Structure formats: structure tokens, C-alpha cells
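Below is one structure, written out as C-alpha cells, with a few remarks after it.
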Amino acid sequence: MTETIATDTSAPALLLTLVFALSLLAGMVLKLWLNSRQLKHVAQHRHQVPPVFAHAVTLATHQRAADYTLAKTRVGLLEIGIGSVVLLGWTLLGGLSLLDQYLFASLGPGLVQQLALLTGFTVIGSLIDLPLGLYQTFVIEERFGFNKMTFRLWLLDLFKAALIGATIGLPIAALILWLMGAAGQNWWVWAWGSWMALNLLLLLIYPSFIAPWFNKFTPLEDPELRTRVSALMQRCGFAAKGLFVMDGSKRSAHANAYFTGFGAAKRVVFFDTLLAKLSAGEVDAVLAHELGHFKHRHVPKRIAAMAALSLLGFALLGWLATQPWFYSGLGVQPHLNAPNDALALLLFMLVAPVFSVFITPLFSQLSRRHEFEADAYAVAQTCAPDLTSALLKLYEDNASTLTPDPLYVKFYYSHPPASERLGRMAN
């Protein structure tokens with residue numbers, strides 16, 4: 001896609017500017033309204049434990065969860081405002097265009113300049129996000145007793161993430177940029193194939209080569225628990241490469257368990273914080289829930305959905321990248337005699353979330369349905385009271401509010417709230 005882009009026609013550009021600005025405003029207002037509803041609803045129900053949980057949850061625990069939710073939601077309001085201003089700055093206010101022009105003047109046209117633009121954008125965006133990230137970790141998580149990280153460990157994680165991101169991201173970015181310039185009008189098909197291949201490769205190599213950079217994984221040693229878990233997995237027809245315990249307490253007091261990997265590289269991982277809090281039967285029930293995702297083929301279904309959506313996205317990008325109004329309508333002046341491939345990629349990445357926010361509830365609903373299916377499978381394979389008590393402990397341990405706003409749940413929650421989840425299991 002290195003052909004010269006013709007002079008812009010103003011009407012489509014002005015229309016895109018208007019549609020983008022109105023969509024950005026509408027999305028921001030919608031998200032602020034939903035977060036405000038969440039704040040109001042949680043605060044109103046802070047002073048009493050819902051009757052259905054009164055036998056299992058103390059008022060102090062309920063209020064701690066409410067306060068944690070309120071603190072995170074207030075930061076969420078700030079994130080929405082800052083994110084909207086930053087997005088406006090990158091696009092209609094000309095920030096991306098200024099960065100591109102500076103690098104173009106310094107480096108000239110070519111792949112190096114385009115990679116520098118992607119890198120510069122990523123670094124600047126990360127620096128903008130840094131203060132809120134630090135506040136969430138060392139103020140909010142610290143205040144509620146969840147943060148176990150030192151500032152040194154946080155810096156080390158940041159360095160490792162940047163190194164891995166550059167090692168993986170720069171080659172795939174270079175490949176996609178090269179395809180955009182050398183593969184003709186159908187470059188987006190080849191780029192999509194490369195993107196999907198990378199994602200599948202990461203699923204294979206993440207457990208063995210990436211995750212150990214951040215955490216220590218040791219084989220599950222508890223013989224009784226290992227026997228129970230192995231029996232459950234055999235009963236469910238699930239084969240994994242190993243059962244591992246991760247030192248999650250090194251960074252956080254939150255507890256979890258998960259499957260990772262793909263195909264023969266699958267492994268089961270328990271947070272050490274989870275094993276410290278749950279009984280053997282409860283661990284069984286939590287694992288059975290995860291096996292329910294496997295049994296219902298939720299992961300392949302999500303991969304297939306991601307493949308379809310990303311193919312649609314690359315096809316759309318393939319068309320938009322040749323339209324002059326796509327650049328000027330979003331505050332960027334395209335080069336007339338040099339590639340605009342990196343600009344097109346960045347603009348698409350910036351703009352797509354503005355419009356996709358309105359279909360967020362559909363994906364959230366699908367995710368919640370998958371969780372209900374996994375719960376039903378766990379109940380069938382283990383003991384329903386064990387799953388109920390395990391979920392209550394996890395909700396309490398992670399300070400998840402028992403009284404979220406129903407509309408906020410429908411829009412954002414990927415997991416059903418406790419009342420719906422436990423109520424479904426009781427019926």
C-alpha cells in the first residue's frame with residue numbers, strides 16, 4: 001500500500017470528523033453515566049448485607065468490598081476522562097500528525113520511520129498511563145491489603161514487559177508493514193494470517209517461555225490434592241502437561257486458578273493464595289468450573305470469534321488505508337509520496353474502540369453465559385455446596401461487591417455477579 005494518496009475531498013473528511021467526535025462524546029457520556037450508576041448503587045447498599053448472603057458474609061466484609069469497588073470506580077471515572085482527552089489529542093488535535101512529521105523529518109521515509117512512529121506512540125501512551133497505574137497499585141491495592149509488590153519489583157516487571165513486547169511486537173509490526181507495502185491490494189489477508197499465527201504461537205509458548213519471566217511455577221506437591229485433581233481431570237477427559245502452583249502472593253493477595261496454553265502445551269495453574277484459602281473439595285469445584293470451559297469448547301469458540309472479527313477489521317483497514325479522508329478526517333495529514341501504513345494502523349487502533357464500545361454488552365453477555373455453563377458443569381461433576389462456598393470465599397477474598405448496579409453488570413461484567421451465579425446453582 002505504498003501508492004500515492006490523492007488529494008483529500010473535504011466532504012467525507014468533515015463527515016468522518018463529525019461522526020467520530022459525536023461517537024467519542026456519546027461513548028464518554030455513556031461510560032461516565034454507567035460508572036456513576038455503579039457508584040450510587042454500591043454506596044446505597046453499603047450498610048446492609050443482602051439477605052441471601054447474611055448467613056455467610058459479615059457486614060465488615062461487605063463494606064470492605066463496597067469501599068474497594070467505590071475506590072476503583074472513582075479511578076475509572078478519571079480514566080474515562082483522561083482517555084477521552086488523550087484520544088482527542090492524538091487525533092483531531094493533531095498529536096499523531098505532529099509525531100509523524102517530526103520522525104519523518106528526522107528519519108525520512110521508510111520502514112525505520114514507520115517502526116519509530118509505532119514505538120514512539122507506544123512509549124508516549126505508556127508514560128501517560130503510568131501515573132494512574134502506579135496509583136492503582138500502590139495506593140488503592142495497598143490500602144485494601146492486596147498489593148504485595150515492591151517498587152523495585154514493579155520496575156523489574158515493567159522492564160521485562162517492555163523487553164518482551166519489543167522482542168515480539170517489533171518483528172510482527174515490521175512484517176505487517178512490509179506486507180502492506182509489498183503484497184498488493186489484498187495485503188490485509190496475509191497480514192491477518194500472520195496476526196492469527198502469532199496469537200496461536202503465543203498460546204503455545206506463553207506457559208513455558210513467557211510466564212516464567214514473571215512468576216515461579218512449581219509442581220503441585222500436595223499428594224491428596226494432586227490425587228483428587230488428577231481423578232477429576234481423568235473423569236472429565238482432560239489431559240494437561242502438568243499441575244503447577246504459581247507464586248501469586250509475590251505480587252497480590254488476590255486468588256485465582258486457570259488453564260494456560262494450547263493443545264499439548266495445556267497446563268493447570270493454581271495461585272498459592274488460592275490453595276491457602278480453599279479446602280480440597282473447593283479446589284476441586286473451582287477446577288471443575290475451568291474444565292467446564294474446556295468441555296464446552298469456550299476457548300476454541302473465542303479464538304474463532306477473534307479470528308472472524310480480526311479478519312473483518314483487517315479488511316476494513318485495507319479499504320480505509322487508501323482513503324484520504326480517513327487521515328484528514330481524524331486530524332492527520334497523510335504523506336503524498338511516501339507510505340502511510342503505520343499512520344493507518346495507529347488511526348485504526350485509536351478509532352475502533354470508539355465505535356466498538358456500543359457493542360460491549362453483547363460480548364459481556366456471551367462471556368457471562370459461558371460462565372453459567374461452566375458453573376453447571378462443575379456442579380454436575382463435583383459438589384454444589386463446595387462450589388458455592390468456594391465462590392463465596394473468592395468473592396470475599398477479592399473484595400467483589402455483592403451489590404453491583406444491574407445495568408453496569410449487563411454492560412461490563414464478564415462474570416455474573418454473586419447473586420445471579422449462586423442463585424442459578426441453587427435452582
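Rule-based calculations on the coordinates, nothing more; no lab input. Keep in mind the model is a prediction, meaning the values are calculated, not measured. Ideal geometry is used to build each Cβ from the backbone, glycine not excepted, and the neighbour counts take in all protein chains shown.
Observations on the model:
- Taking TYR206, TYR413 and counting other C-beta atoms within 10 Å, the order from fewest to most: TYR206, TYR413
- Backbone amide hydrogens, once placed in the peptide plane, bring SER252 within less than 5 Å of LYS148, excluding anything fewer than 5 places away on its chain.
- Tail fraction, Cα-Cα pairs, region 138-226, threshold 20 Å, whole percent: 59
- Ellipsoid equivalent to region 266-319 - semi-axes via the Cα gyration tensor, in Å: 37, 12, 7
- Kyte-Doolittle at least 1.6, axis length at least 15 Å by Cα - qualifying DSSP helices, the chain: 151-182, 341-356
- Normalised radius of gyration (Cα atoms, divided by 2.2 N^0.38 Å) for region 65-120: 1.73.
- One chain, two ends: GLU224 and ASN199. Fully extended at 0.36 nm per residue, the span grows by 5.4 nm beyond their Cα-Cα distance.
- Here the dipole of the chain is about 700 debye; that uses its Cα centre as origin and unit charges on the Cβ of Lys and Arg (positive) and Asp and Glu (negative).
- √(5λ) per eigenvalue of the Cα gyration tensor, the chain, largest first, Å: 42, 26, 21
- Projecting the Cα atoms of PRO404, VAL332, ILE140 onto the charge dipole of the chain, computed from C-beta unit charges around the Cα centre, puts PRO404 farthest toward the positive end.
- Close amide H partners of THR260, meaning residues 5 or more places away or on another chain with modelled amide H under 5 Å apart, are ARG267, VAL269.
- Spatial extent of region 22-131: Rg and Dmax, with the Cα atoms as the point set, Å: 21.5, 69
- For the chain, relative contact order (Cα pairs under 8 Å, six or more residues apart, normalised by length) works out to 28 percent.
- Across region 195-255, C-alpha contacts under 8 Å between residues 6 or more apart give a mean separation that, scaled by the residue count, equals a relative contact order of 39 percent.
- Comparing LEU103, THR73, LEU18 along the charge dipole axis of region 1-133, the residue lying farthest to the positive side is THR73, per the Cβ-charge model.
- Long-range amide H partners of VAL245 with built H, under 5 Å: THR218, LEU220, PHE270
- If the chain linking ILE140 and ALA182 were pulled fully straight, counting 0.36 nm for each residue of separation and taking away their Cα-Cα distance, it would gain 10.3 nm.
- What the Cα convex hull of region 199-330 gives, in volume per residue, is 150 Å³.
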